[in-house]
Amino acid sequence: MTQAYSDTQVAQAPDTGEVVEKKDAQVLEEEFYIPPVDVYETGESLALLIDVPGIHRENINLTVENNLLTIEAKQTPPTPEKNVKWLWREHEAVSYRRQFRLGEEIDVEGIGSELRNGVLRVTLPKVKPAEPRRIEVKVGE
């Protein structure tokens, strides 16, 4: 069985062969928080559900290079009106980052994403199997 993706935060479950998520999602690594991710599979695709609370769409960046999917997001603290005196401040700029190595069965060109209620859904479509086709035999000159 080929694996559709791999991640440093993902490990094989004992005996079942299923992919499960480790529970250390808030580890700070290279100045990025690693957000929690759920992964599920349908017949045609895999989907990643990534928690990115309070982050606007324009602050999320997804890239694929050499079959490595990188998801980065930046949350900026709220900006108050001018001339305020801070009495207490806990909000800070937070960056999230998660990477997945994609297997050959993922159609990299068809990857899509949608942000709803602080959850980013990344859809990883599977490559469709080649359809049988008839090849025409031509007459040479």
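Assorted remarks:
- Restricting the range 102-131 to GluC sites (Glu not before Pro) in coil, as DSSP defines it, with at most 16 other Cβ within 10 Å: Glu104, Glu105
- Volume in Å³ per residue [convex hull over Cα atoms, computed for the range 33-106]: 107 Å³
- Sequence-distant residues sharing a close amide H with Ser45 (under 5 Å, placed H): Lys126
- Potential lengthening of the chain between Asp51 and Thr63 amounts to 2.6 nm, from the contour at 0.36 nm per residue minus the alpha-carbon distance.
- Applied to the range 59-66, the Karplus parametrisation 6.51 cos²θ - 1.76 cosθ + 1.60 on θ = phi - 60° returns per-residue 3J(HN,Hα) values of 9, 10, 10, 10, 9, 10, 9, 6 Hz, with x for Gly and Pro.
- Restricting the trypsin sites (Lys or Arg not before Pro) of the range 61-124 to loop positions (DSSP other than H, G, I, E, B) with no more than 10 neighbouring Cβ atoms within 10 Å leaves Lys82, Lys85, Arg89.
- Remark on the range 79-130: ratio of C-alpha radius of gyration to 2.2 N^0.38 Å is 2.01.
- For the range 135-141, the Karplus equation 6.51 cos²θ - 1.76 cosθ + 1.60, evaluated at θ = phi - 60°, returns couplings of 9, 6, 9, 9, 8, x, 8 Hz by residue, with Gly and Pro reported as x.
- Contour excess over end-to-end distance, with Cα ends at Val127 and Val84 and 0.36 nm allotted per residue: 10.0 nm
Coordinate-derived values only; no laboratory data. Predicted model, so just to flag it, every value in this text is computed and none were measured. Cβ: placed from backbone, ideal geometry, glycine included. Neighbour counts: every protein chain shown.
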